[in-house]
Amino acid sequence: MMRYAKWSSFLVLAGLLAAGCGKEEAAAPGSGASADGAKYLLTAEPAGAKGVLETRKEAKDGDEVVLVGRIGGSKKPWVEGRAGFWIVDASFKACNEKADDDCTTPWDYCCDPPEELAKAKATVKVVDDNGQTVPVDARQLLGVKELNTVVVKGRAKRDDKGNLTILASGLFVRS
Amino acid sequence: MLLFRPLPWEYGVRNLLRRPGRSLLTLAALTLVVLLVFVVAAFIRGLETNLSVSGDPDVVLVHSLGASENVENSSVAGRTRDLLAASLPGIRRRPGAGGEQVVYASSELYLGTDVGTQGQAEPALGLVRGVTPSALLVRRKVQIVEGHWPGPGEALVGRLAGAKLGRADSLVVGGVITFEGRSWRVAGRFAAVGSALESELWCPLEDLQQAMKRQDLSLVALTLAPGAGFGDVDEFCKERLDLELQATAEAAYYAALRKHYGPVRALAWLVVGLVAGAGVFAGLNTMYGAVAGRTRELATLQTLGYARRAIALSLMQEAALLAAAGSLLAAIVAVVAFNGVAVRFTMGAFTLRVDGVAVAVGCGTGLFLGAVGALPPALRAMRLGVADGLKAV
């Protein structure tokens with residue numbers, strides 16, 4: 001009887017240990033950032049963030065802006081090898097947040113009309129002191145991933161075609 | 001150094017000649033099995049080579065957003081080439097005539113369409129690329145091997161374009177082909193080191209646009225300048241949201257296709273395994289028969305003082321000799337009859353390649369069959385009692 005109890009307690013303990021080891025804690029947004037990326041990551045969310053749609057309407061070339069949006073807009077929203085990516089206005093729902101959608105790349109917003117999506121996108125480029133895009137992939141530099149909601153602080157770059165690029169000096173990962 | 005006295009090498013060789021009928025049949029079976037392995041290995045090597053030589057690491061394809069997996073569905077504005085040339089300093093350039101810069105950027109209209117050839121009632125699906133002379137700057141592997149660059153109403157055909165159409169000999173220089181409602185005279189033939197381009201038909205971009213009543217392009221192919229990177233083009237495309245462009249490294253485009261054909265390759269290797277397995281069983285059967293018919297002979301060898309291991313080794317020697325001869329014959333047939341044979345597949349055509357890897361796989365399989373096929377009968381021979389063997393009928 002004693003032997004049985006000893007074995008039972010051992011098994012329970014082993015089970016608890018295994019469960020504890022197997023459980024992965026959800027990584028905090030931006031926690032995978034590199035050492036170089038830390039200087040671009042803001043510890044507090046900048047105030048007065050506006051959506052992409054609103055900023056596209058209001059911002060002029062050279063304006064200082066604070067913009068909020070979600071990383072996505074295509075299957076590959078990242079600029080390869082550079083700290084740049086697309087963000088989409090937060091009012092748009094990703095495909096996986098819509099009913100009856102089993103899209104494997106929900107961040108491409110393929111369930112929204114392309115012409116509407118194009119008007120709700122902006123390009124974010126994290127720039128160094130010389131104004132050059134940091135030559136490290138944003139996922140490595142900032143630890144961000146698709147569908148993260150980010151608040152970006154920087155200078156707006158506009159052209160006569162209505163495109164909006166944010167030359168970001170700082171970025172806060174909201175979720 | 002063997003710890004026993006082996007049978008003379010000639011004994012095994014002579015044994016093969018003592019039963020020529022059986023030896024020939026075994027040789028034929030082994031040759032056939034190894035030949036099948038050669039054909040499948042050549043298929044895999046041909047497909048792999050076709051996709052691996054396709055795609056220049058310095059070339060970037062700029063196409064419409066979302067068309068990275070199928071550029072045939074891409075549509076970009078006709079002015080895209082000039083826009084990219086003006087905006088991207090990272091494109092390769094060289095001084096041209098009259099002080100103008102020659103930009104390594106090629107506007108292309110690419111599609112799969114029905115192509116009619118002379119003497120054939122039914123058209124077949126072919127791959128057509130509308131190009132300008134700049135294509136030769138960017139597509140560095142292309143070499144005109146016969147005829148000349150196509151003028152108005154003419155087409156340049158790839159070395160494997162006929163195979164892609166299922167009519168290998170139908171595309172001759174001076175002949176006429178039809179597609180998109182127009183007739184095109186074949187001005188020449190080109191090779192491209194076995195890449196996917198060889199399955200295509202090239203014609204002047206403007207002519208194709210007129211025939212199709214289109215003004216757009218499928219893509220612009222760019223060669224990067226030394227020091228420039230894919231990121232330069234990707235960054236431009238990401239910034240110019242209004243153009244809805246996407247950049248794909250040509251090497252990555254073909255790497256994705258290679259991944260797409262992964263299951264085909266896996267299936268082909270499975271066929272190699274299955275054929276080899278069937279060959280092992282056939283070899284086993286033959287060698288078991290050979291041992292069963294020579295029971296008294298093997299027992300006599302034991303009474304003469306040869307160790308059982310020596311007899312087993314001699315049996316394996318016979319099988320290995322047959323397998324080696326079979327592999328050699330199969331290799332010769334494969335090189336003569338199958339090497340370079342064009343095979344049609346969805347993306348174009350490629351040629352079977354009996355290269356070093358295919359020869360190693362084929363001959364390795366053959367020798368493996370010989371060794372493994374002879375092992376169980378040889379082990380059986382080792383267990384044979386001398387008295388029982390001598391009494392066997």
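FYI, it's all coordinate maths here, none of it is from the lab. Treat the numbers as computed from the prediction; the structure is a model and nothing was measured. Neighbour counts run over all protein chains shown; Cβ positions are idealised from the backbone, glycine included.
Where Lys and Arg each count +1 and Asp and Glu each count -1, what net charge lies around B:Ala155 among other residues with Cβ under 12 Å from its Cβ?
Charge balance near B:Ala155 sits at 0.
With springs connecting C-alpha atoms under 10 Å apart, model chain B as a Gaussian network and identify which of B:Lys164, B:Lys259, B:Lys141 has the largest mean-square fluctuation.
Checking each option, the largest mean-square fluctuation is seen for B:Lys259.
Taking neighbour Cβ counts within 10 Å as the exposure measure, how do A:Thr43, B:Thr117 sort from fewest upward?
The order, fewest Cβ neighbours first, is A:Thr43, B:Thr117.
Answer rounded, prolate or oblate for segment A:58-141, using the Cα gyration tensor with square roots of eigenvalues a ≥ b ≥ c: rounded when a/c is under 1.5, else prolate when a/b is larger than b/c, else oblate.
Note, shape of segment A:58-141 comes out oblate.
Can you give the extra length, in nm with one decimal, that the chain gains between B:Ala121 and B:Phe368 once fully stretched, where that is 0.36 nm per residue apart less the Cα-Cα distance?
84.0 nm
Among DSSP beta bridges whose residues both lie in the protein assembly as shown, state the antiparallel percentage, nearest 5.
If I count the DSSP bridges inside the protein assembly as shown, around 80 percent turn out antiparallel.
Only bridges whose two residues both fall in chain B count here: according to DSSP, what percent of them are antiparallel, nearest 5?
Antiparallel bridges: around 80 percent, rounded to the nearest 5.
Points 7 angstrom from Cα along the Cβ direction at B:Ala86 and B:Val176: gap in nanometres?
4.2 nm
Taking the Cβ of A:Ala94 as the centre, find all other residues whose Cβ is under 10 Å away and add up their charges (Lys, Arg: +1; Asp, Glu: -1).
It works out to a net charge of -2.
By the gyration tensor of its Cα atoms, with a ≥ b ≥ c the square roots of the eigenvalues, what is the shape of segment B:261-376: rounded for a/c under 1.5, prolate for a/b over b/c, or oblate?
It comes out prolate by the Cα gyration axes.
Pick out which of B:Gly46, B:Gly227, B:Gly340 has the largest mean-square fluctuation in a Gaussian network model of chain B, springs linking Cα atoms closer than 10 Å.
Highest fluctuation of the listed residues: B:Gly227.
Pull out a ≥ b ≥ c, the square roots of the eigenvalues of the alpha-carbon gyration tensor of the protein assembly as shown, then state rounded if a/c is under 1.5, prolate if not and a/b is larger than b/c, and oblate in the remaining case.
oblate
Over segment B:182-317, what is the relative contact order in percent, taking alpha-carbon pairs closer than 8 angstrom and at least six residues apart?
8 percent
Between B:Leu125 and residues 5 or more places away or on another chain, which pairs have amide H atoms under 5 Å apart, with H built 1.01 Å from N, and which residues are they?
So B:Leu125 has HN proximity to B:Val115.
Within 10 Å of each Cβ of A:164-172, how many other protein chain Cβ atoms are there on average?
1
With θ set to phi - 60° and the Karplus curve 6.51 cos²θ - 1.76 cosθ + 1.60, what are the ³J(HN,Hα) couplings of segment B:211-226 in order, to the nearest whole Hz, using x for Gly and Pro?
Listing the rounded values in order: 4, 9, 6, 10, 10, 8, 10, 8, 7, 10, 9, 10, 9, 6, 6, x Hz.
Put a dot 7 Å past each Cα toward the Cβ at B:Ala337 and B:Arg22; how far apart are the dots in nm?
2.7 nm
Hey, quick one: spin label on B:Trp149, modelled 7 Å out along Cα-Cβ, who in segment B:203-237 has an amide N within reach, i.e. under 16 Å?
B:203-207
Using modelled backbone amide H atoms (1.01 Å from N, in-plane), which distant-in-sequence or interchain residues come within less than 5 Å of A:Leu41's amide H?
A:Leu171
Order these peptides, B:191-201, B:6-16, by their mean beta-carbon neighbour count within 10 angstrom, highest first.
Ranked from most to least packed, the peptides come out as B:191-201, B:6-16.
Would you order A:Val52, B:Val157 from fewest to most other beta-carbon atoms within 10 Å of each residue's own beta-carbon?
Fewest-to-most Cβ neighbours within 10 Å comes out as A:Val52, B:Val157.
Sort B:Asp232, B:Asp207, A:Asp61 so that the residue with the fewest other Cβ atoms within 10 Å of its own Cβ comes first and the one with the most comes last.
So the residues, fewest neighbours to most, are A:Asp61, B:Asp207, B:Asp232.
If you build a Gaussian network model of chain B, linking Cα atoms that sit under 10 Å apart, which residue out of B:Pro263, B:Pro57, B:Pro95 swings the most?
Most flexible of the set in this elastic network: B:Pro95.
Relative to the present Cα-Cα distance, how much length would full extension add between B:Gln101 and B:Ala77 at 0.36 nm per residue of separation?
Once the chain is fully extended between B:Gln101 and B:Ala77, it gains 6.4 nm.
Would you mind getting me the FRET efficiency between B:Val264 and B:Thr303? Use the beta-carbon distance for r and R0 = 60 Å, nearest 0.05.
With a Förster radius of 60 Å, E is 0.60.
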